[in-house]
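Trainee: Sharing a structure here in structure tokens format.
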Amino acid sequence: GESVGLHLPTLSVQEGDNSIINCAYSNSASDYFIWYKQESGKGPQFIIDIRSNMDKRQGQRVTVLLNKTVKHLSLQIAATQPGDSAVYFCAENPGRTGANNLFFGTGTRLTVIP
Amino acid sequence: DVKVTQSSRYLVKRTGEKVFLECVQDMDHENMFWYRQDPGLGLRLIYFSYDVKMKEKGDIPEGYSVSREKKERFSLILESASTNQTSMYLCASSFGRGGEETQYFGPGTRLLVL
């Protein structure tokens, strides 16, 4: 099956600094990627998505970068706040016709130090 | 806002009991999914459904069954609960048409099987 992983299982950042969370994927046919945020005891929450015809997409304080050459995805959070502390994981759609399934990475735990 | 609700946040059952986990979405989504989430393993797909009365096995269907009698409701059934089914269960739904693969999750049900 597809492999969606993360370079680091944990990340600690100082409040106000920028955070960068990375994700590697193995299927070059994947055409859609999503970042989710999961706070303790809650379900994953959609943050931002990007299609394979783009290399950058920006939201409110968040930016997703896609490098298809090296099959790498990153989530950048600007001016990290304590409320950003959570597990972040990426998901990919492998692009098979008729399939809407996503494959998820195991996540990176972001801790914001006040 | 998309709303996915799950019938219970916490559940304690005994080995051998039949367990029903209910999920309801209010956005007329075509697709619904059941995952389990375990530390270090990420989200693993149990079953999914693209339409009413339709179901497909995911990656780990053994010991589970599902029911989708109405579009908005997707039930996960543990026919005879076992201790290795202790986990966090997450339901998700997606629009499923026009390339809308984003999955929206419920709050999760933490199941403990004794």
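The values are calculated or read from the model by the stated rules, or taken from the named source; none is laboratory data. What you are looking at is a predicted structure, and each value in this text was computed from that prediction instead of being measured. Cβ placement follows ideal geometry from the backbone for every residue including glycine, while neighbour counts extend to all protein chains displayed. When the accessible area is computed, the model is the full protein with side chains, heavy atoms only, and any ligands, DNA or RNA have been set aside. Shrake-Rupley method; radii C 1.70, N 1.55, O 1.52, S 1.80 Å.
Trainee: Out of the total accessible area of chain B (probe 1.4 Å, heavy atoms of protein only), what percent is carbon and sulfur? Each step should come with its number before you reach the end.
Mentor: Values: 2730 of 5510 Å².
Here it works out to 50 percent.
Trainee: Quick one: if the Förster radius is 45 Å, what FRET efficiency do A:GLN60 and B:SER67 give, using the C-beta to C-beta distance and rounding to 0.05?
Mentor: Numbers: r = 39 Å, r/R0 = 0.86.
Efficiency, from the Cβ-Cβ distance: 0.70.
Trainee: Kindly state, to the nearest 0.05, the FRET efficiency for A:THR10 paired with A:SER40, given R0 = 25 Å and r defined as their beta-carbon distance.
Mentor: Details: r = 14 Å, r/R0 = 0.57.
About 0.95, to the nearest 0.05.
Trainee: While we're on this one: What lysines could a cross-link reach from B:LYS53, if we take a straight Cα to Cα line under 30 Å and drop same-chain neighbours fewer than 8 places away?
Mentor: Of all the lysines, those that pass the test against B:LYS53 - Cα under 30 Å, at least 8 places apart if same chain - are A:LYS42, B:LYS3, B:LYS13, B:LYS18, B:LYS70, B:LYS71.
Trainee: Accessible area per residue, 1.4 Å probe, Å², for chain A: what's the number?
Mentor: Numbers: 5510 Å² over 114 residues.
With the other protein chains kept in place, chain A gives 48 Å² per residue.
Trainee: Now for a separate question. About the Cα centre of the protein assembly as shown, how large is the charge dipole given +1 on each Lys and Arg Cβ and -1 on each Asp and Glu Cβ? Please answer in debye to the nearest 20. Before the final figure, lay out the partial values.
Mentor: Working: 26 positive and 25 negative charges, 55 e Å.
So the dipole magnitude of the protein assembly as shown works out to roughly 260 debye.
Trainee: Under 20 Å between alpha carbons, and skipping anything fewer than 8 positions from A:LYS68 in its own chain: which lysines qualify?
Mentor: In chain and number order, the partners are A:LYS56.
Trainee: Quick one: pull the percent of accessible area on segment A:12-77 belonging to carbon and sulfur, 1.4 Å probe, ligands and nucleic acids left out. Each step should come with its number before you reach the end.
Mentor: Numbers: 1370 of 3380 Å².
On segment A:12-77, the fraction of accessible area on carbon and sulfur atoms equals 40 percent.
Trainee: Under a 1.4 Å probe, what is the accessible area of segment B:34-114 per residue, stated in Å²? Can you show the working numbers first?
Mentor: On the way: 3550 Å² over 81 residues.
I get 44 Å² per residue for segment B:34-114.
Trainee: With every protein chain present, what accessible area does A:PHE103 have (1.4 Å probe, heavy atoms only), rounded to the nearest 10 Å²?
Mentor: 40
Trainee: Given an 8 Å cut-off on Cα distances and at least 6 residues of separation, report the relative contact order of segment A:4-113 as a percent. Could you put the intermediate results ahead of the total?
Mentor: Values: 271 pairs, mean separation 41.6, N = 110.
Relative contact order, segment A:4-113: 38 percent.
Trainee: When the accessible area of each residue in segment A:6-35 is compared between its chain alone and the complete protein assembly (1.4 Å probe; ligands, DNA and RNA ignored), which residues differ by at least 30 Å², being lower in the assembly?
Mentor: SASA drop of 30 Å² or more in segment A:6-35: A:TYR32.
Trainee: I've got another one for you. For segment A:4-113, divide the Cα radius of gyration by the Kirkwood radius and give the resulting Rg/Rh value with two decimals. The partial results should precede the final answer.
Mentor: Working: Rg = 13.4 Å, Rh = 14.0 Å.
Using only Cα positions, Rg/Rh for segment A:4-113 is 0.96.
Trainee: Taking the highest mean first, how do the peptides B:104-114, A:56-66 order by number of other beta carbon atoms within 10 angstrom per residue? Could the numbers behind the result be given before it?
Mentor: Details: B:104-114: 18.8, A:56-66: 15.3.
Per-residue Cβ counts within 10 Å, averaged per peptide and sorted highest first, yield B:104-114, A:56-66.
Trainee: Which of the aspartates and glutamates could a cross-linker bridge to B:LYS55, judged by Cα under 16 Å and excluding same-chain residues fewer than eight apart?
Mentor: B:GLU22, B:GLU30, B:GLU69, B:GLU72
Trainee: Taking the Cα-to-Cβ direction at B:ARG9 and at A:VAL70 and moving 7 Å from each Cα, how far apart do the two end points lie in nm?
Mentor: Label-label distance for B:ARG9 and A:VAL70, simple model: 4.2 nm.
Trainee: I would also like to ask the following. Dividing the alpha-carbon radius of gyration of the protein assembly as shown by 2.2 N^0.38 Å (N being the number of residues), what value is obtained? It would help to have the intermediate numbers written out before the result.
Mentor: Values: Rg = 17.5 Å, N = 228, 2.2 N^0.38 = 17.3 Å.
In units of the globular-protein estimate, the protein assembly as shown measures up at 1.01.
Trainee: Further, regarding this structure: Excluding ligands, DNA and RNA, what is the accessible area buried between chains B and A, summed over both sides, using a 1.4 Å probe, to the nearest 100 Å²?
Mentor: Working: alone 6300 and 6320 Å², together 11020 Å².
For chain B against chain A, roughly 1600 Å² becomes buried.
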